[in-house]
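Just so it is clear, none of the values below were taken in a lab; they were calculated from the coordinates. Quick caveat, the model's predicted, so the values are computed rather than measured. In this analysis, Cβ positions are derived from the backbone assuming ideal geometry, glycine residues included, and neighbour counts consider all displayed protein chains.
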Amino acid sequence: MSETTRHRLFFSVYTPLLPLYGKEEARAIAGRVCEQVGGFSRLDMAVDPRAEVAWRPGYEAVTVERMIDELAGGRPVQYVLGVTPFYGREFQVGEGVLIPRPETEELVRWIVTESRTLPPGRILDIGVGSGCIAVTLALELAGADVWGVDLSAEALAFVRKNAERLEATVHMARADVLDGEDPFWRNGLRWETIVSNPPYVPMSDRAAMYMNVRDYEPSEALFVPDQDPLLFYRAIARRGQRVLERGGSLYFEIYEGLASQTAQLLGDEGYTEVEIRRDMNDKPRMIRCKKRE
């Protein structure tokens, strides 16, 4: 791929992705690759398609050819590039952590907006993954004492890398929210806010998902049994009754098909002011509730 033009690079990525994703998704992925490796946007390409690509540091034609092979095999573009944007920052990601989504940015924005009216206090992110939520909250909310827990040591390694790169202070611990005997939950710590984007996709939905999600992202961060799809919400809600301060808030990203059931569960567990919010696609994807004063 020597003497590569913008037009040639874009279509060398775009064309093999068409059978996997269709036109719009393939264009979006090809555009992301071109921005990352060649420093040009789709608008830049439209203005001057024959301009030669000036490879960004760390990339070259041979490297990009390997990336194209991986993308054509279904590997997510975020894993291929090793980074993904979130809330105006770049986070490192890879196999072993869930890829941050725009809907999660909306959840973070909700927390940031509400927390700025009160001292943020101590915040706990359960199932911290790449650290996108915890690190962003630590950077956006001055004075917040942010903690992140995950059962995966691999995930916690990504949190550590992202916190160091972005100069955020996040306390990390390995803990299992489903294990009532896990010592972390008996350490006496309390939080004003708990947030979680737990596994919530019913296993029966797996076959209908894109292969780049189904076959590459960690199953334990995505799927739940069909017979008990709200098990993590129930476990976290019950844990919250023990470790949230009175009047504290609990925020979740939720499965759109179970929004009303999730709200009912939180009410049954004793929470008040249960509010569902819709995302940019007008789907019910976020919920917030409060522990009684």
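Gain on full extension, evaluated as 0.36 nm per residue between Arg89 and Leu18 minus their Cα-Cα distance, stands at 22.7 nm. Legend: calculated FRET efficiency, Glu154 to Ala54, from the Cβ-Cβ distance at R0 = 22 Å, rounded to 0.05, equals 0.05.
Multiplying the residue separation of Thr63 and Leu189 by 0.36 nm and removing their Cα-Cα distance gives an extension gain of 40.7 nm.
Note on the chain: with a GNM built from Cα contacts shorter than 10 Å, the maximum mean-square fluctuation among Pro198, Pro119, Pro229 falls on Pro119. Dipole check for the chain: with +1 at the C-beta of Lys and Arg, -1 at the C-beta of Asp and Glu, and the Cα centre as origin, the magnitude is about 440 Debye. Please find the FRET efficiency linking Phe11 to Met280, where r is the Cβ-Cβ separation and R0 is fixed at 25 Å, and quote it to the nearest 0.05. It comes to 0.30. Mean residue ellipticity at 222 nm, helices only, the chain: -12000 deg cm²/dmol; runs of at least 4 DSSP H residues each add -39,500 (n - 2.57), and the sum is divided by the number of residues.
Stretching Glu273 away from Ala142 to a fully extended chain increases their span by 44.6 nm, per 0.36 nm per residue minus the current alpha-carbon distance. Dipole magnitude for the range 1-93: about 180 debye, using +1 per Lys or Arg Cβ and -1 per Asp or Glu Cβ, origin at the Cα centre. Rounded to the nearest 5, the antiparallel percentage of DSSP beta bridges internal to the range 83-152 is 45%. The fraction of all Cα pairs in the chain landing in successive 10 Å bins from 0 to the largest distance is 6, 26, 32, 21, 11, 4, 0, given as whole percents.
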